Amino acid sequence: MDPYGGRMNEISEFEIPFPHRKGNLFNIQYIVKWDVNSIEETNKHIHWIRMLYRFMSPYVSRSPRGSYINYKDLDLGSNKQENTSYLEASAWGRKYFKGNFKRLAQVKSKVDPDNFFRNEQSIPPLPA
């Protein structure tokens with residue numbers, strides 16, 4: 001858990017891309033790892049972390065549940081193809097960037113219009 005508050009509360013969520021500021025007390029990163037490489041162990045550990053994720057639901061952001069982009073949460077959604085549209089990416093993008101998502105897509109359109117730098121939750125460029 002990373003503590004929030006203090007000076008972070010004074011910076012508008014629109015001043016920089018990271019919007020999770022006022023009213024947020026902590027950032028939680030869920031991590032699980034295991035040493036035995038088997039389907040059974042993998043399923044057991046993934047089940048355990050999903051149970052923890054569900055258990056925490058009443059205590060975290062909701063409507064929508066938000067996340068910090070450096071702590072990827074693929075349950076929020078992901079790009080289904082190489083060049084996901086802005087509309088499709090908005091489903092998860094707004095959960096990471098709130099009202100900054102469109103502005104970041106506009107920047108992406110200028111600096112990486114061919115979407116060379118992408119991952120399963122990257123910001124797509126806006127259509128030309």
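Each value in this text was obtained by applying a stated rule to the coordinates, not by laboratory testing. Predicted, not measured: the structure shown is a model, and the values here were computed from it. Ideal geometry is used to build each Cβ from the backbone, glycine not excepted, and the neighbour counts take in all protein chains shown.
When the chain is treated as a GNM, springs tying every alpha-carbon pair under 10 Å, which of 90, 67, 38 comes out with the largest mean-square fluctuation?
Answer for the Gaussian network model of the chain: 38.
Set Lys and Arg Cβ to +1 and Asp and Glu Cβ to -1, take the dipole of the stretch 56-128 about its Cα centre, and tell me which of 121, 107, 78 lies farthest positive.
107
Add -39500 (n - 2.57) for each DSSP H run of 4 or more in the chain, then divide by its residues: what number comes out at 222 nm, to the nearest 500 deg cm²/dmol?
Details: 3 runs with 41 residues, N = 128.
Counting only the DSSP helices, I get -10500 deg cm²/dmol.
In nm, to one decimal, how far is the modelled label at residue 116 from the one at residue 61, with both set 7 Å along Cα→Cβ?
3.1 nm
Just to confirm the filter: which GluC sites (Glu not before Pro) across the stretch 1-75 are DSSP coil and have at most 13 other Cβ within 10 angstrom of their Cβ?
On the way: sites: 10, 13, 15, 40, 41; in loops: 13, 15.
Those satisfying the criteria are 15.
Counting only residues 5 or more places away or on other chains, whose amide H sits under 5 Å from the amide H of residue 27 once H atoms are built in the peptide plane?
2, 4
Give the Cα extents of the stretch 67-128 along the principal axes, in whole Å, largest first.
Largest first, the stretch 67-128 extends 29, 24, 19 Å along its Cα principal axes.
How large is the charge dipole for the chain, taken about the Cα centre, if only the Cβ atoms of Lys, Arg (+1) and Asp, Glu (-1) carry charge, to the nearest 20 debye? Can you show the working numbers first?
Details: 19 positive and 14 negative charges, 98 e Å.
Charge dipole, the chain, about its Cα centre: 480 debye, nearest 20.
Go through the stretch 38-46 residue by residue and turn each phi into a ³J(HN,Hα) via Karplus (6.51, -1.76, 1.60, θ = phi - 60°); whole Hz please, and just put x for glycine and proline.
The phi angles translate into 9, 4, 4, 5, 4, 4, 4, 6, 5 Hz.
Find, among the chymotrypsin sites (Phe, Trp or Tyr not before Pro) in the stretch 1-59, those assigned to loop by DSSP (not H, G, I, E, B) with at most 14 other beta-carbon atoms within 10 angstrom. Present the calculation step by step, with values, prior to reporting the outcome.
Details: sites: 4, 14, 26, 30, 34, 48, 53, 55, 59; in loops: 4, 14, 30, 34.
For chymotrypsin sites (Phe, Trp or Tyr not before Pro) across the stretch 1-59 that sit outside H, G, I, E and B with at most 14 neighbouring Cβ atoms in 10 Å, the list reads 14, 30, 34.
Once you mark the trypsin sites (Lys or Arg not before Pro) that are in a DSSP loop and have at most 12 other Cβ atoms within 10 Å, what is the longest gap between them in the chain? Before the final figure, lay out the partial values.
Numbers: sites that count: 33, 62, 80.
With trypsin sites (Lys or Arg not before Pro) excluded where exposed in loops, the chain gives 81-128 as its longest stretch.
Compute the Kirkwood hydrodynamic radius of the chain, taking the inverse of the mean of 1/r over all pairs of distinct Cα atoms, and give it in Å to one decimal. Show your work: numbers first, answer last.
Details: mean 1/r = 0.0611 Å⁻¹.
Averaging 1/r across every pair of different Cα atoms and inverting gives 16.4 Å.
Post the alpha-carbon centroid distance, the stretch 82-128 to the stretch 6-20, in whole angstrom.
So the separation of the two Cα centres works out to 20 Å.
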